[in-house]
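*Asks:* Before anything else, here's the structure in question.
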Amino acid sequence: MLDESLLDSPEALGRADAHGLLRGAAEAGAHVRTALRQATESGLAELRPDGRPRAVLVAGPGPATACAADLLGAFTHDAMTVTLLRPTGSLAAPDALRWTLPGWAGPVDLLFVTTLDGTEPGLTVLIEQAYRRGCSVVTVSPPAAPVTALTEETHGLALPVGTGPVVSSTRDASAAQQRAAAAAPGTLWALLTPLLVLSDRLGLFPAGQPALQAFADRLDHVAERCGPAIATYSNPGKTLATELSGTLPLLWSEGAVAGAAARHCATTFAALPGIPALTAELPEAMTAHGTLLAGAFAAGADPDDFFRDRVEDPEALHARVVMLREPAVAADSAVVAVRDLAYGQDAPLSELVPAEGSSPLETAAELIATVDFAAVYLALAGGGAS
């Protein structure tokens, strides 16, 4: 149950935030600027590549790497294959994780490796495999880490990962701290920014200095609107948190960037406040999840209405649609149909859409950062952060 009184007490929120999640969300723009500065100092901005790769392969632990791969595919409009290499092994034993190149990978392909730790044996094995296959390798990892050293030894490009409390090494941390660090707001931006700079140099999509500055500015803007000192009634992050308390969020997206954001948001809800969420893309989402709006998860449903103890038993979980849209496609489409469906089923509906004229980078920043704040508030005020 969400403690709404906690939401409007910045001091109480600060005391509850043992892992610095609010700080990570607030410093998202700073993480982008730090990563951009480090990428520039490494000479990446002056890189003159020979040509575009046939495919981009992305590997690394944690949800931030998966989202980075998803966003790269969305930003390129699927003009190039972007493949996430998923590890095998147990997450409880990071040293046992292994990544493997697909059989077709070779000299015309590019491998991105992202890691906050840089000591994973599975990633060093992957880099060695890529070197033997002739793949180009770029790593985003801590300086002096084994992954960084091997990248340099095999003539790859090693880029430093931004430093800070949310992106420091987690190897010696507790299990709770590792979970919080892996899903912490700020982690994604520290890993993603160097990949955006390199993608711009490769001609995959425009992400030059002005675009990345606007990207960081949008993250700052979201932090200003969603910060703990802003009251709930005018705070999009707190408002969304109160709307989603006690619900099953159905994250319906329109557009490739919004789809990538929705999938990352579902992961964040599971990792931070421990809330399950389902994702689907419009217009198929209305068919895929329509039954949830009319069945046991409907807003007025209570399968045990007569016998449920109104004092002791928790209220039934009800579905709530959260529509994530891109401004470029907002005028098309399924938006009116979704509103009609929600109205007809008496289903609650939340909408997140950036301002008209937002670039794909700014769209991703606003959608993800707003939901990051909501997830943190749910974790802190709902007792999910431990």
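The values are calculated or read from the model by the stated rules, or taken from the named source; none is laboratory data. Note that the structure is a prediction, hence the values are computed from the model and not measured. Cβ coordinates were reconstructed from backbone atoms using ideal geometry, including for glycine residues, and neighbour counts include every protein chain displayed.
*Asks:* Can you name the residue in the range 120-152 that is assigned to a loop (DSSP other than H, G, I, E, B) and either surrounded by fewer than 17 Cβ atoms within 10 Å (Cβ to Cβ) or not assigned by TED's automatic domain parsing to the domain that holds Trp189 (or both) and, of all such residues, is modelled with the highest pLDDT?
*Replies:* Checking each candidate, the answer is Gly134.
*Asks:* From Leu36, Leu2, Leu7, Leu21, which residue is touching a residue at least 60 places away in the same chain (Cβ under 8 Å) and under 16 Å from Leu192 (Cβ atoms)? Break it down into steps so the answer makes sense when it comes.
*Replies:* Working: Leu2 fails: under 16 Å from Leu192 (Cβ atoms); Leu7 fails: under 16 Å from Leu192 (Cβ atoms); Leu21 fails: under 16 Å from Leu192 (Cβ atoms).
Result of the check over Leu36, Leu2, Leu7, Leu21: Leu36.
*Asks:* Give all pairs with beta carbons closer than 6 Å in which a residue from the range 207-232 that is among the acidic types (Asp, Glu) meets a residue that is at pLDDT 95 or above; count only pairs at least 6 apart in sequence or on separate chains.
*Replies:* Asp220/Gly29
*Asks:* State all residues of the range 335-386 that are assigned to a loop (DSSP other than H, G, I, E, B), under 26 Å from Leu317 (Cα atoms) and within 20 Å of the chain's Cα centre (by Cα); if no residue qualifies, say none.
*Replies:* If the condition is that a residue be assigned to a loop (DSSP other than H, G, I, E, B), under 26 Å from Leu317 (Cα atoms) and within 20 Å of the chain's Cα centre (by Cα), then Val353, Gly384, Ala385 are the ones that fit.
*Asks:* Right, next: So which helices (runs of 4 or more DSSP H) stay within the range 177-260 end to end and still have 3 or more residues that are over 18 Å from Leu380 (Cβ atoms)?
*Replies:* 187-201, 209-226
*Asks:* Tell me which helices (runs of 4 or more DSSP H) are completely within the range 1-98 and hold 3 or more residues being on the phi > 0 side of the Ramachandran plot, at pLDDT 85 or above and under 17 Å from the mean Cα position of the chain (by Cα), or say none if there are none.
*Replies:* Output list is empty.
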